[in-house]
1. In whole Å, what three semi-axes, largest first, describe the equivalent ellipsoid of the range 105-189 built from its Cα gyration tensor (square root of 5 times each eigenvalue)?
2. How large is Rg/Rh for the range 98-154, to two decimals, with Cα atoms and a Kirkwood Rh?
3. Apply the Debye scattering formula to the range 29-164, with a single equal point scatterer on each alpha-carbon and no solvent, then give log10 I(q)/I(0) at q = 0.11, 0.21, 0.22 Å⁻¹.
4. Using only the Cα atoms of the range 146-191, each taken as one equal point scatterer with no solvent, compute I(q) by the Debye sum, divide by I(0), and report log10 of the ratio at q = 0.16, 0.27, 0.28 Å⁻¹.
5. Provide the gained length on full extension for the span SER34 to SER441, in nm with one decimal, where the gain is 0.36 nm per separating residue minus the Cα-Cα distance.
6. Taking the Cβ-Cβ separation of SER539 and SER512 as r and a Förster radius of 41 Å, what is the calculated FRET efficiency to the nearest 0.05?
7. May I ask you to compute the full-extension gain from THR46 to SER327, defined as 0.36 nm times their residue separation minus their alpha-carbon distance, rounded to one decimal in nm?
8. Distance in nm between label sites at ALA159 and THR86, each 7 Å beyond Cα in the beta-carbon direction?
Amino acid sequence: MNRLLRLALLMLTVGIIIPGTASATGGSCSGFASGACPANIPNGVTSFYFIDYAGGSDSNAGTSESSPWQHLPTCANATGAATAHTSGSGEGWIFKGGVTVDDRCWPASLPWGGASGAPDYMGPDPGWFTGGSWSRPIFSGGKGSGYNSNTGSLLSDAAHQASYLVLDNIEFTGLYWSGTNCNVNFNACGYISWHGYLSGTGGNWELKNLYAHNVTHTAYPTSTDPANTGALFWMPRDAGSSFHDSVIDNSDGGADCCQGVYTGNVYNNYFSGLDNVIFNPSSPSNDETILLVHDNTMRNIATTFYPNNGSEPHGNCIHVFGTMPSSFNELIYNNNVDCTNVNAENLEVEEDSATVYYFNNVNTGMYQPNGYDTSSFSGAGQGGTYYYFQNTEECGVDPNAGYICVGLRNAASVFDYNNFGVSSNSSGGPAVLNHSGWSGSLTSSPNNSKTCGGITTTNFGGTLICAPIGSGNGTGNLNFTETYPFAPLDSTAAATIGTAANLMSLCSTISSINAAAGSACLSDTTLGVSYNSADHTVSWPARTPVARPTSGEWQIGAYQFASGGAPQAPTGLAAVVQ
């Protein structure tokens, strides 16, 4: 008999384990109590390990809900079969609903080994829970008496590079740190972090349906804020990664720190109690050609307790900048942003040479004088190209701000079209302020001159008026307290705002970049998401968008007036979600 054949038969007989394979085979769909995989399990996930931190045992097989492990395999306090496990592709770690994984587990590694068509998964079985009804499994940092995340995030892939990873329907709470490592270590002071920020390795992460809250820390100088150099969820920034349909609400914690999420595709989320919702610096990864931030609701932007080693004087709702190439596009649309802080800028755009499209956004509570700040990064290009159109913004809320809607700085090329500004600030200045040293270009249409409290406003692509005092909703008045803030829901209000040339050609350009964004451009705003504070979930859209007319003029601002006094559903449009 051939010697190689005899060796192969011997290996099969004695069960030699070939190095590099998983150390065990997980359970199948029959391991779920229902006898079948629930609908939330992604395609390609076929091997399962079940975890019940309250009632499981690491001496169990872990391959069914009737015999779960206590710990996820990478828990710091895992034992037995759990700690001996090696992660593989297509593997699911299933957590019992309503059970808390406490601070003794951290730091832990994320599952690794996921592949295209066979991702790794962390999430629940909606039919397996403690208590009278299902709730998310809970990952707790223990707050002040628990794990100090200054040494590292609760979960990361610092030990094993993770790719093709899905995290779903988990509650994160009790994040805490005391220390200054947040400003120098991207893997610290967060719930989840990616190790490959500098190396560019790993990717294709999807985080969805999460609820994160209750972040605390010691005061400066004992602690520093990671907002400009880290995030609560620091993810790969590549073409395949996304963060969506989630809630980050830190109103029950410090409500004074932190960037919410870092990645290249952020949509259908609710953010509150942060000082930077999205702050995306640096160059894109090799396969990333686009940044997408859309259909999010952002509230209660806070002043940082210690901003970026003192070099940044305020937080921002959305802040994007970097040395992006001219071929890189950023699409920011359909967001509902309420900054509500005198030190927070609504939008700070600083690009070297990238192109930014910002449209269908409703921005309220803009105290900062440069609520929409068009600047440029200090790289070689010294100025991106920014299209700012069909937005509604309540600007100049602070009477001491000096100017009202848009600030222009450095060398960016700015195109302002069909925007609607509303203000109660009768002592404000021009709608667009050309800073000293401004060397870019501004194209603005229509160039309507309006009077707000005796101040004539000019050079804004649209209309600026003072908010009339009234009840709104059918009386021709425009107020924040209407069903939709400053929405033209009747013909009187619509006539006050006015119309301008349609932007079908600009939508066509956007469609060639991203079909979903191009489709959104053809309708008015969705106004982000609605937030259910009882179960901490979001529903999208917050408002049914109205189709823009295919010919003729469009309503100025984020809303399109629909005859009949109420928004009508668009027709002939295919909804596309990234």
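Read-outs: derived from the displayed coordinates by stated rules, not from any lab. Only a predicted model underlies this, so the values are computations on that prediction, with no experimental measurement involved. Glycine also receives a Cβ, built like all others from the backbone with ideal geometry; neighbour counts cover every protein chain displayed.
1. In descending order the semi-axes read 25, 21, 8 Å.
2. Working: Rg = 14.2 Å, Rh = 13.5 Å.
Computed over Cα atoms, the ratio is 1.06.
3. Cα-only, vacuum Debye calculation for the range 29-164: -0.37, -1.35, -1.45.
4. -0.49, -1.02, -1.05
5. 140.2 nm
6. According to the calculation, E is roughly 0.85.
7. 97.2 nm
8. Output for this residue pair reads 1.4 nm.
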